[in-house]
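I have placed the structure first, in the form of structure tokens, so that the comments after it can refer back to it.
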Amino acid sequence: MEYQTIRYGEPFQIRRRLGNLFKDIVRIKGVEYERGKGFIVRDYYALTNLNKILIRMGLILTPMVKCVICDKNIECEKCSFTDVCLKDVTTCLCDECLYSDDVVEKYLSTSRGYFEDFRRSI
Ligand SMILES: [Zn+2]
């Protein structure tokens, strides 16, 4: 089995000859294809459905999510919570931030930022 890491919302190429399966893939809700760029997967549910097709060709796509505090990329499969996590997220906390002493303050100040953005937008 081959694993390929992707990021939600960013185009990537599928390293397989898709043939007729291409039509099935772009029919999945949350999966798009942009000519010249590649496939875009919007969320974990779309990725799960896409993997149901790709697994038959020996390929599994694994998501890379961003740390909500420091913006670093996190590989879900390498995370210590991978077996218990639903992976239905596009942001997470990296180990470095998670185990830092002031993680709660950092997290709150980040979420406060989101909250203020949200309030400004309504
Ligand atoms: Zn982090």
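Bear in mind that the values in this text are calculations on the coordinates, not laboratory data. Bear in mind the structure is a predicted one, so any value in this text is a computation, not a measurement. FYI the Cβ positions are ideal-geometry reconstructions off the backbone, even for glycines, and counts take in every protein chain you see.
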Exercise. Give the percent of DSSP beta bridges with both residues in the chain that are antiparallel, rounded to the nearest 5.
Key: 50
Practice problem: Quick one: which residues, 5 or more positions from residue 66 or on another chain, have an amide H under 5 Å from its amide H? H modelled 1.01 Å from N in the peptide plane, none for Pro or chain starts. | Solution: 74, 92
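At 0.36 nm per residue, and after removing the present C-alpha to C-alpha distance, how many nm does the segment from residue 90 to residue 24 gain when stretched out fully?
On the way: separation 66, 0.36 × 66 = 23.76 nm, distance 2.40 nm.
Gain in length upon complete extension: 21.4 nm.
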Practice problem: Determine the distance separating the Cα centre of the stretch 1-69 from the Cα centre of the stretch 84-104; give it in Å without decimals. | Solution: 24
Quiz item: Can you tell which of 57, 19, 36 lies farthest toward the positive end of the dipole of the stretch 2-93, using +1 and -1 charges on the Cβ of basic and acidic side chains (Lys, Arg; Asp, Glu)?
Solution: 19
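Which order do 45, 3 fall in if you start with the one that has the fewest other Cβ atoms within 10 Å? Don't skip to the answer; put the middle values down first.
Values: 45 13, 3 10.
Going from sparsest to densest Cβ surroundings: 3, 45.
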Practice problem: Report the charge-dipole magnitude of the chain in Debye, nearest 20, computed about the Cα centre from +1 at each Lys and Arg Cβ and -1 at each Asp and Glu Cβ. | Solution: 880
Quiz item: If you take the Cα atoms of the chain, find Rg, then find the Kirkwood Rh from the mean of 1/r over all pairs, what is Rg/Rh?
Solution: 1.04
Quiz item: Ranked highest first by average number of other Cβ atoms within 10 Å, how do 103-111, 64-72 line up?
Solution: 64-72, 103-111
Quiz item: Given H placed 1.01 Å from N in the peptide plane, which residues other than close sequence neighbours of residue 38 have an amide H under 5 Å from its amide H?
Solution: none
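May I ask which of 29/52; 29/72; 66/106; 23/87; 66/87 have a Cα-Cα span longer than 22 Å here? Don't skip to the answer; put the middle values down first.
Details: 29/52 14 Å; 29/72 28 Å; 66/106 15 Å; 23/87 26 Å; 66/87 12 Å.
Table pairs above 22 Å Cα-Cα are 29/72; 23/87.
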